[in-house]
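A quick write-up on the structure given underneath.
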Amino acid sequence: MKAVNLKPFEELCFDNRFVKCLPADPNLENRRRQVSNACYSWVHPTPVRAPSLVCWSREMLAELGLNEADSQSNEFLQIFAGNLLLEGMQPHAMCYGGHQFGHWAGQLGDGRAILLGDIKNEKEQYWSLQLKGAGPTPYSRSADGLAVLRSSLREFLCSEAMYHLGVPTTRALSLVLTGESVVRDMFYDGNPQHEPGAIVCRVAPNFIRFGNFQILTAQGDVDTLKQLVNFTIETEFPDLGSPSKEVYAEWFKRVCQLTADMVVEWMRVGFVHGVMNTDNMSILGLTIDYGPYGWLENFDPDWTPNTTDAQGKRYRFGTQPQIAQWNLLQLAEAIYPLIEDVKPLEQALQFYADYYQQSAQTMYAKKLGFKQSNSQTEKLSSALNQLLQTVETDMTLFYRGLSQLSMDQKEIDNEGRLRQVFDKSWYQPDQIDVAYLNQLRDWLHQYQSALRTNGIDEQYRVQHMNNVNPKYVLRNYLAQLAIDQVEQGDNALLHELLEVFRNPYDEQPEKERYAERRPEWARHRAGCSMLSCSS
Ligand code: AMP
Ligand code: MG
C-alpha cells in the first residue's frame, strides 16, 4: 500500500513513539506465528471493497485537529477503512498475552487490530489510532481478523457514551462499513451467518495492556520487559522520575490507583465489562475492548451479559472490583523480575483494596447527594443495595427518581407520590406490595434523617445527585435497535443516540423515550440482555 500526502491530513503530525522506542518483530510476513523478543509486528490493513462511513465522533476529530467536513471526504473514508495510508503512518500489531477466565492463555496479541501510528496534536497530546477489524495479523491465530457491524457499532457508541459519562475509556473516531460480509456463528450453535463487516477506528494515548508485560515475562525476556516498562513510565508517568526499582514499584501503585478509579466509575453508572481478561486491562486504567459488555438494568450484582461466562459468572457486575485486583496481581507477577522484592507489590495490592473501598464509599455517598462518606452514609448505601434487589428495580431510573422526590415527610408518606416517582423503575409492578412500600419508606426515613444530620439541603442534593447519576445510559436494547436500523441502511437512530449520550446527565425532556426501562420484548432477545463473545 502506497502512503500518500493529502490535505487536510498532511497537517497531522505523526510521532510513532511506540514503534520508535520498542523492538519490532523482524519477520515481515503476515502469517500467524509465535513472536518473541518484540513488542509488535509490522502489518498492513487489508483493503476492503466498498467502504461507507456510518458514524464519526466530532469531539475526537477535534482532538486530532480535524473537523466534521474533513470526515466527510472520500480520503477520510479510505484511510479509516484501511484502504489508504498517510505518510507518517507505520501500521503494526501489538504482541501481548493474557489470562483468559483465570487461565494463562499464552500469546494473544492484536489479532484484528492494526495500529496506524501516534498523532501528536496541537496540545502536544499523543493519540494512537487503531483500526479494529482491518484484517489478519500474525496474532490472528485461527480467526479472520475481521469484525461485524453489531460489535463495531456497540464499541463505537459505548466508548463515546462512556467518555461523556466521565468514565475513563478508549475512544472511537469512526465507524465504517466495509461493504464485505463476514461469517459468524453468533450463538456458537453451528449456524454461521453472513453479517456486514465493519471497522472502528479506536483512539487512546496508548493501547498497552497488562498482557503486553505478561507475555515478555512469560518468554523470560526481561530486557524487552524493562524497555516496555521504561517506555510506559517515560511517556505516561513522567512525574515518577527516571526508572529505578523504587520507581517501578511506585508506578505499579499508580496503575492500581487508576484501575480502581475506573472500576469505581463502572459501578457508579452500572457498566459490566463482561470480559475482564488481563489482555483487556489497559495500563492507563481505561475501559478497553468493548465486547459482550452490558448495562445494568434491574439492579443485580450477579448479572453478566456475557453468555460465554454464564456458568461461572466470573465477570459479573458485583465482582468487578475483586477481578481487577486479581488482574493487578498478575501484572505484579509480570513486573516482579524488575523489582525482585514482593513487599512493595503486596503493599500496592493492599493499597488497591483500601483505596477502592474508600473511593467506592465516597461514590455511593455522592450518588445519594452527600458530600462524603461516613458510617451513616455507608449504612444507608448498604441498605439501599438490599432494597434495590428486593424487587426488580432499574438502578439508573431509581436514582433519578430519588432526586425528584422531595425529602419532606408528607411526600415520603404519600403512597401515590412514591408510586409516581418510582413506578418507572420497577420492572414488575405486581411485586410492589404494602410490605415492599413499607421497606422503601423506612429506608427513605433513614435517608431523610441522614441528610439532616449531614446538613444537606434540597437544592444541593438534587443538583449534585443529577451530576453523578446519569439519566441516559446505553441501555442494551437501544444499541440493538440502532444495529437493526443500520443493517437496514438507516443510520438515523445511531446518530440520534450519539447525540443524546453527549449530555447524559441533562434532562433532555424531548428524549425521554431513551431513558425508559428495558421493554419486556428485550428481556430475552439476543443482543439486548445476553451477548456471546462472537464478534
Ligand atoms: P477479545 O476476547 O475480543 O479481547 O480477544 C481475545 C484475543 O482474540 C485477542 O488476541 C484478539 O485479537 C483475538 N481475536 C478476537 N477476535 C478475532 C478475530 N475475529 N480475528 C482475529 N483475532 C481475533
Ligand atoms: Mg481483547
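Values in this text are rule-based calculations from the coordinates and carry no lab data. Not measured: the values here are computed from a predicted model. All Cβ positions, glycine included, derive from the backbone under ideal geometry; neighbour counts span all protein chains shown.
Assorted remarks:
- A simple packing score, the average count of other Cβ atoms within 10 Å per residue, orders the peptides 197-210, 339-352 as 197-210, 339-352, with the highest score first.
- Convex hull of Cα atoms in the range 370-468, direction-averaged projection (nm²): 5.8 nm²
- Listed by chain and number, the lysines whose C-alpha is less than 21 Å from the C-alpha of LYS7, apart from same-chain residues fewer than 8 away, are LYS120, LYS123.
- Three principal axis lengths of the chain [C-alpha, angstrom, descending]: 73, 57, 48
- Rounded to the nearest 20, the Cβ-based charge dipole of the range 300-400 about its Cα centre (Lys and Arg +1, Asp and Glu -1) stands at 460 debye.
- Cβ charges +1 (Lys, Arg) and -1 (Asp, Glu), total dipole of the chain, debye: 440 debye
- Over the range 189-231, the reciprocal of the mean inverse Cα-Cα separation, the Kirkwood hydrodynamic radius, stands at 13.7 Å.
- Only Lys, Arg, Asp and Glu carry charge here, each on its Cβ (+1 for the first two, -1 for the last two); on that basis the range 3-207 has a dipole of about 520 debye about its Cα centre.
- 3J(HN,Hα) along the range 74-85: 5, 4, 4, 4, 5, 5, 8, 9, x, 8, 9, 10 Hz, from the Karplus curve 6.51 cos²θ - 1.76 cosθ + 1.60 with θ = phi - 60°, whole Hz, x for Gly and Pro.
- Residue pairs, from the table LYS313/LYS371; LYS132/LYS226; LYS367/LYS424; LYS253/LYS367; LYS20/LYS343; LYS367/LYS471, whose Cα atoms sit over 23 Å apart: LYS313/LYS371; LYS132/LYS226; LYS253/LYS367; LYS20/LYS343
- The range 198-326 shape via C-alpha gyration tensor axes, a/c threshold 1.5: prolate
- Projecting the Cα positions of SER449, PRO205, TYR436 onto the charge dipole of the chain (unit charges on Cβ atoms of Lys, Arg, Asp and Glu, taken about the Cα centre) puts TYR436 furthest along the positive direction.
- Placing unit charges on each Cβ (+1 for Lys and Arg, -1 for Asp and Glu) gives the range 3-207 a dipole about its Cα centre, and among LEU61, ASN37, SER73 the Cα reaching farthest toward its positive end belongs to ASN37.
- When the charge dipole of the chain is built from unit charges on Cβ atoms (+1 for Lys and Arg, -1 for Asp and Glu) and taken about the Cα centre, the candidate among VAL263, ASN327, LEU146 whose Cα reaches farthest toward its positive end is ASN327.
- Over the chain, relative contact order from alpha-carbon pairs under 8 Å, at least 6 apart, %: 14 percent
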